[in-house]
Amino acid sequence: LNVKTRALVSLTARLRQLQVYGRFRIQFGPLQNQIPCLGAVRISLLEAPSVDFQLSVAGGEVTALPGVAAAVRHAINTIMQKLMVWPQRIVVPLSDAVDPQSLQPRIEGMLYLKVISARALPRADSFVILHRSTGGIDPYVVGFVRPELSMQSATRYNDRNPKFIDTDSADSAADNVCWSFPVHEAASQNLTLQLWDADNWSDDHVCTATLSIASLEPGAVRRTWLPLTPEDEFAAAKYDGKDAQVRVEALWCPFDKFARQASTGGAEDADDSKATGETAVLELPHDWELPPSGVLTVAVRRVCGLPQLLGGGGGGCFGGAADDLDPLRLQPRVRLTLGSRSYKTHIAQHAGGSQNTWEFAGQSETFQFVGVDPELTPHLAISIFQHARMRAFRRPLGECRVPLAPLVADQKFASQPGSSGVESARVARSYPLNASGPGAAVELTVSFSRSAAVAASRRQTRSSEVAGSTTI
């Protein structure tokens, strides 16, 4: 491996004896009438794998240094978690008739969560001088179903019994945060809550709680205390959080369960609901208001027609003009912004024969925005910039806005085939870039899906507020 450091020193890194241990899920299909009879192969890891390797730089064994092996192993696990751990998968098409994007995981429902409080937390700080009886930890909670789509609570300081949401206060609307997580397979996925201790240098992962999504009753809010299990670093005899718990309120909304709620609501629907024994109405307490259930998925494919820079914004260490004058050295990246959330792609690769096209490949250039309402955030902002290690040398190359309202207003916005209760739309097109000259564009595949039941509930809530009522 040829490695160039920030000091412009070239080194040769040797990676040897790379071994990956884990459980794989391999799926074949869809079936076809022609040889090889299989349209694609889907490969996933059921859990984060164990990785072992040897890494040497300039003839020396780097992994023998303290912390280096753990850092490299963490980086490898993070990449594999994002790309391969279920429900993520690598799709290998075996036929030109198969669209790999159509074989990506589908959302089965939404999990809504409120982290209310915690009690009997351990003292995580090594040196507790003040507030020894009540302090010793500055807790906050990180929750996720998939690690790359995590949410974080506010931090409470010197408090072993923190309240993350003050349910007794009438002024707690700002803290009354309801998290939403897309669920792809409720039978196998779990909610994970990590309790962290905020420190000046680096935060400590103290303990963890899990909740099986399959154990939740669909459509009913479950209030419960979850036990917190200490991490290995805190599992010694000095750990004083054996009774530590976190209080949550969880609501599991499978899309197919509440498909009828988004219908016309006629007598036939009510009779069908009684006949099947299914509950078509979300049982929400008075203090619950569902956040948007929309999931916006954006796949960045390629960028074309970019202008040639004139100096001072290249991809070198300080952005030299020599790099800017050669279009083959242009290193564009794409930033996607929706509300307060933002993602950036890797550096686009030049397309070879075409002198003015840069392509993105792989799932790493596909991003998801969860909890999207086109009425609240009507535009997705796209900006292209020249990569540089120093922020001052990052030159803008163009920008555009992708309107989300047409996705919902389009006649194609309807229920997904084979997944009742889900409304979805998909658009693949090129969007012209402003301030980039003629022909400059970015090619995107934009998909939007949401629960028809949750959308109907939110519309009913807004109508009730307009009429002066707060009843859902």
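The values are calculated or read from the model by the stated rules, or taken from the named source; none is laboratory data. Please read all numbers here as calculations on a predicted model, not as lab measurements. Cβ placement follows ideal geometry from the backbone for every residue including glycine, while neighbour counts extend to all protein chains displayed. When the accessible area is computed, the model is the full protein with side chains, heavy atoms only, and any ligands, DNA or RNA have been set aside. Shrake-Rupley method; radii C 1.70, N 1.55, O 1.52, S 1.80 Å.
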Phe24 accessible area, assembled protein chains, probe 1.4 Å, Å²: 100 Å²
Inter-label distance, nm, simple model (7 Å from Cα along the C-beta direction), Asp166/Asn33: 6.9 nm
Contour minus Cα-Cα distance for Arg389 and Asp287 (0.36 nm per residue): 32.0 nm
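Of Thr297, Thr210, which has the most accessible area with a 1.4 Å probe, and how do the rest follow in descending order? Spell out each step's value before the answer.
On the way: Thr297 25, Thr210 90 Å².
Output order, biggest surface exposure first: Thr210, Thr297.
With Cβ to Cβ distances under 13 Å as the rule, what net charge do the other residues near Val20 carry (K, R +1; D, E -1)?
0
Quote the FRET efficiency, to the nearest 0.05, computed for Trp201 versus Arg429 with a Förster distance R0 of 51 Å and r equal to the Cβ-Cβ distance.
FRET efficiency, Trp201 to Arg429: 0.60.
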Accessible surface of Met80 - all protein chains present, 1.4 Å probe, nearest 10 Å²: 30 Å²
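Computed FRET efficiency, Cβ-Cβ of Ala409 and Arg16, R0 45 Å: what is it to the nearest 0.05?
Details: r = 56 Å, r/R0 = 1.25.
Computed FRET efficiency for Ala409 and Arg16: 0.20.
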Spacing of the two label points (7 Å from each Cα toward its C-beta) at Asp96 and Ala381, in nm: 4.2 nm
Pair Asn158, Asn356: separation of 7 Å Cα→Cβ label points (nm): 6.3 nm
FRET efficiency, 1/(1 + (r/R0)^6) with R0 45 Å, evaluated for Glu233 and Ser56 via beta carbons: 0.95
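For Leu83, Leu306, give me the order by solvent-accessible area with a 1.4 Å probe, most accessible first, ignoring ligands, DNA and RNA. Working shown, then result.
Details: Leu83 50, Leu306 10 Å².
The residues order as Leu83, Leu306, largest area first.
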Extended-chain gain in nm, criterion 0.36 nm per residue less alpha-carbon gap, Ile26 and Ala75: 15.2 nm
Which of Ser342, Ser95 is most accessible, then next, and so on - probe 1.4 Å: Ser342, Ser95
